[in-house]
Amino acid sequence: MNKGYVFLVGAGPGDPKLITIKGSECIAKADVLVYDRLASRRLLTLARPDCELIYVGKSPDRHTLKQDEINQLLVDKGLEGKVVTRLKGGDPFVFGRGGEEAEALLDAGIQFEVVPGITSAIAVPAYAGIPVTHRDLTSSFAVITGHEDPTKNETTIHWDHLAKSHGTLVFLMGMENLPLIAQKLIENGKKPSTPVGIIQWGTRPEQRTLVGQLETIATEVKEQGITNPAIIIVGEVVSLREKLQWFEKQPLFGQRIVVTRARHQASELSQAIESLGGEAWEFPTIEIAPPSDKSYFLKAINNLNCFDWLIFTSVNGVEAFFTELKIQKRDVRDLVGLEIVAIGPATQASLEKRGLRVAFVPEEYRAEKIVEGLSSRVTSGQRVLLARAEEARNILPESLKAMGVDVWDVPVYKTVLGGANREELQRLLRDKEIHSVTFTSSSTVRNFMTLLDGEVSLLDNVALYSIGPITSSTARRLGLTIYKEATQYTISGLVEALLEGNKT
């Protein structure tokens, strides 16, 4: 029997983008992904569709599997010849019990590899604006387990050394023992007024930071209701937080936002959200597919010289049109003599990238404004090719026909239900982990509600953002209330709406 291979991978402290490149590669190649409570669930999307996902989450007061059982699970999967990625919060060898897992694999004769991760001991204070070292304050730091009972006879923690040290002290997994940790440090000589920082869910939208003094911090934590997972940082560097905090000051901090665009287009909006401190979760509700009947599309391509105008209403339409043009062994030279119209700057940019000059872009990016703008440009009897989605509204072709124009309304693509994880989306909404949802088209609204099985109640207290009035109208027809609508019907306009909504 071929033995497998196990990667012991540090997932970082919570922000999924803090995983290393090598760590993400290990997730992508895994046959089995074994993950714990502190590894971001967004990292699971990097796994192959056929990857077996096994949750072994542990918290100080509850274990899904005991450590010995996790060790055996890794061994068993390795003996099955599987490539196993063990995804652990933080770093596997910094209080992650990765050493024990490695020993079990070694005893079973299974090859393994350790992929270090960014430890929460450094990253979480950094996200709270607290450097663990600072030239003017301290040149050393120590990372200590907070999970060991400080009163037991066999303690290995040298409290006298820690208390007398001028270095920063970082305690991991110590919230349950915080009163005893503070007591031991003070008893052994630490000043009661020593600054202490408590950071819960560091690097995540839920991050909370409490700053106090060693003698009173346990009481303050109890009053504030701060619990695990949290780290305790003791030392003068904590005083720098007031000056250096940055993460919690970002305009979209604390916001977990659903992006519903097609997967190949989602990155623009997701990147904008995350650059402003939000956390974007991509649940693609739509995918772009060929039209149900392509015959009319092919007929139009074979008669391009018959048209005076060519109108594109979306980037998807542009991409579908030119993909088919290439398949038919044609190119932009076949568009000579055509006046081109684009709805919106993104559609215009997509056309200009192909070396085409756009004759007209309406000031307002919707069909009604195209008709208004074309009324003084198009003359009766001219022929217009309208390349757009199969399910698009009829207002544009009907309005053009009313102007005496011969309109070929040609579906060049259709939108179908995307590959979003229905169960994960519903779980996040049910657990109140989602703060906002963005809609970029009527199709995204309709398909989003399909993924929710029509359960509007899942969106209670969730802010809904729309890219424009047509999308908002569709949402209202489905019983949804749009919190903010973009003033400009673009991705940038939608981001502005998110910023405005987060201020109120």
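Using the structure shown, decide if Ser275 is closer than 21 Å to Asp15 by Cβ, touching a Lys or Arg at 6+ places or on another chain (Cβ under 9 Å) and without any contact (Cβ under 8 Å) to a residue 24 or more places away in the chain. Here the answer is no, as Ser275 does not meet what is asked. So, Lys82, is that one out of contact with any Ser or Thr (no Cβ under 9 Å at 6 or more places or on another chain) and of a type in the set (D, E, K, R) or not? Answer is yes for this residue. Ala123 fulfils the conditions (1) touching a helix residue (DSSP H, G or I) at 6+ places or on another chain (Cβ under 8 Å); (2) touching a residue at least 60 places away in the same chain (Cβ under 8 Å); (3) over 30 Å from Glu242 (Cβ atoms) except for a single criterion, (3). If Val378 meets every condition in (1) modelled with pLDDT under 95; (2) under 22 Å from Tyr489 (Cβ atoms); (3) of a type in the set (A, V, I, L, M) apart from one, which number is that one? Result: Val378 fails condition (2) only. Taken over region 1-24, the criterion of being in a helix (DSSP H, G or I) and either under 24 Å from Gly109 (Cα atoms) or touching a Leu at 6+ places or on another chain (Cβ under 9 Å) (or both) is satisfied by Pro16, Lys22, Gly23, Ser24.
Taking the listed residues Leu425, Leu480, Leu452, Leu464, the one that is touching a residue at least 40 places away in the same chain (Cβ under 8 Å) and surrounded by 15 or more Cβ atoms within 10 Å (Cβ to Cβ) is Leu425, with no other qualifying.
Each residue in region 181-209 was checked for being in contact with an Asp or Glu (Cβ under 6 Å, 6 or more places away or on another chain) and either modelled with pLDDT under 95 or under 23 Å from Gly89 (Cβ atoms) (or both), and 2 pass. I'd like the residue in region 177-206 that is free of Cβ contacts under 8 Å to residues at least 40 places away in the same chain and part of a strand (DSSP E or B) and, out of all such residues, is farthest from Thr138 (Cα to Cα). For region 177-206, the residue satisfying everything is Gln200. Collect the residues in region 484-504 that are hydroxyl-bearing (Ser, Thr, Tyr) and surrounded by fewer than 17 Cβ atoms within 10 Å (Cβ to Cβ), keeping them in residue-number order. Once the filter is applied, which keeps residues that are hydroxyl-bearing (Ser, Thr, Tyr) and surrounded by fewer than 17 Cβ atoms within 10 Å (Cβ to Cβ), region 484-504 yields Thr487, Ser492, Thr504.
The set of residues from region 23-43 being of a type in the set (A, V, I, L, M, F, W, C) and over 20 Å from Phe112 (Cβ atoms) comprises just one member, Leu38.
Here Phe448 passes the criteria (1) modelled with pLDDT under 95; (2) in a helix (DSSP H, G or I); (3) in contact with a Ser or Thr (Cβ under 9 Å, 6 or more places away or on another chain); (4) hydrophobic (A, V, I, L, M, F, W, C) except the one numbered (1).
Look at region 295-311: where a residue is closer than 12 Å to Leu338 by Cβ, no partner that is in a helix (DSSP H, G or I) and not acidic (Asp, Glu) sits 6+ places away or on another chain with Cβ atoms under 6 Å. Taking (1) crowded, with 17+ Cβ neighbours inside 10 Å; (2) more than 30 Å from Ala11 (Cβ to Cβ) in turn, Asn188 satisfies each apart from (1). Considering Val412, Val407, the condition of being in the same structural domain as Leu386 (by TED's automatic domain parsing), touching a residue at least 12 places away in the same chain (Cβ under 8 Å), more than 23 Å from Ala272 (Cβ to Cβ) and in contact with a Phe, Trp or Tyr (Cβ under 9 Å, 6 or more places away or on another chain) is satisfied by Val412 alone.
Checked against (1) under 21 Å from Ala300 (Cα atoms); (2) assigned to a helix (DSSP H, G or I); (3) in contact with a Phe, Trp or Tyr (Cβ under 8 Å, 6 or more places away or on another chain), Gly373 meets all criteria but (1).
If you go through region 364-407 one residue at a time, how many are in contact with a Gly (Cβ under 6 Å, 6 or more places away or on another chain) and basic (Lys, Arg)? Number satisfying all stated conditions: 1.
Suppose the filter is crowded, with 20+ Cβ neighbours inside 10 Å, more than 25 Å from Asp409 (Cα to Cα) and touching a strand residue (DSSP E or B) at 6+ places or on another chain (Cβ under 6 Å); does Trp309 pass it? Judged against the criteria, Trp309 is not a match.
The values are calculated or read from the model by the stated rules, or taken from the named source; none is laboratory data. Since the structure is predicted, the reported quantities are computational estimates derived from the model, not experimental observations. Positions of Cβ are generated from backbone atoms using ideal geometry, with glycine treated the same way; all protein chains shown enter the neighbour counts.
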